[in-house]
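The values are calculated or read from the model by the stated rules, or taken from the named source; none is laboratory data. This structure is a prediction, so every number in the text was calculated from the model and none was measured. Positions of Cβ are backbone-derived with ideal geometry, glycine not excepted, and every protein chain shown enters the neighbour counts. We work out accessible area using only protein heavy atoms, side chains counted, and drop any ligands, DNA or RNA first. Shrake-Rupley method; radii C 1.70, N 1.55, O 1.52, S 1.80 Å.
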Amino acid sequence: MPVIIAGFWLAWIALSLVLVAWFLLTPKTPEQFRRAEMTSGLLAAGLGSALLLVLVFAPLPYGTATATAQETASGSASPAATRIVFQSLWEAGIGPRLAVYLLLVSLLVGWAALLAFLHAHRRNPATLALLWGVVGLLVLAVMLGIFSIGPVFFPVAALAFAAAFNGSRRQPGPQSGTTS
């Protein structure tokens, strides 16, 4: 089972890196830069929101339950059985620290999308600085939750990074050679 989980995480991280590489390498014109920045930000928000919903409401393996041995009517004891309990965080109860963590990540994901969208349309340097700040906080959130649910948000942070990076890239200016 641990090999399957490790393989899943490696595939998840590889997929996110391929997506980021695609968004970093493909833009060539100013319009493509703008579109790549906006798309990366919106994908980060969509993926982050979907992951948050799955983490909170989908039944995930939460722990194990062990049934104790019981005597049957014939006098023999049935062996103890252990099974994996599938429960959503909503059913299991979200602790205050986890609730704050999930709230902060959801706010950061929303801000990443909004700032990427605004910077792609207005090219305001202050918006880009705020976007880089949100990316840094998302990376910090992934690192703080590294032993819990933080790695789930690695692709989200990678897409937000792609949005900020595409917004920071120097875009080719208009073609010189035309005379007015």
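Under 6 Å between Cβ atoms, which residue pairs at least 6 apart in sequence (or on different chains) link something in segment 132-159 that is more than 15 Å from Ala50 (Cα to Cα) and open to solvent by 10 Å² or more (accessible area, probe 1.4 Å) with a partner that is part of a helix (DSSP H, G or I) and at pLDDT 90 or above?
Trp132/Ala164; Val134/Leu108; Val134/Trp111; Val134/Ala112; Leu137/Leu108; Val139/Ala157; Ala141/Val105
Yes or no: Ala126 over 17 Å from Ala58 (Cα atoms), part of a helix (DSSP H, G or I) and open to solvent by 40 Å² or more (accessible area, probe 1.4 Å)?
Yes: the conditions hold for Ala126.
For segment 105-123, enumerate the residues that are exposed (fewer than 15 other Cβ atoms within 10 Å of the Cβ) and either in contact (Cβ under 8 Å) with a residue 24 or more places away in the chain or among the charged types (D, E, K, R) (or both).
Answer for segment 105-123, where residues must be exposed (fewer than 15 other Cβ atoms within 10 Å of the Cβ) and either in contact (Cβ under 8 Å) with a residue 24 or more places away in the chain or among the charged types (D, E, K, R) (or both): His121, Arg122, Arg123.
Determine, yes or no, whether Ala129 is more than 16 Å from Ala44 (Cβ to Cβ), modelled with pLDDT of 95 or more and of a type in the set (A, V, I, L, M, F, W, C).
Yes; evaluated as a whole, the condition is true for this residue.
Given the criterion at pLDDT 80 or above and loosely packed, with under 12 Cβ neighbours inside 10 Å, identify the matching residue among Leu10, Leu53, Leu42, Leu25.
Answer to the check: Leu53.
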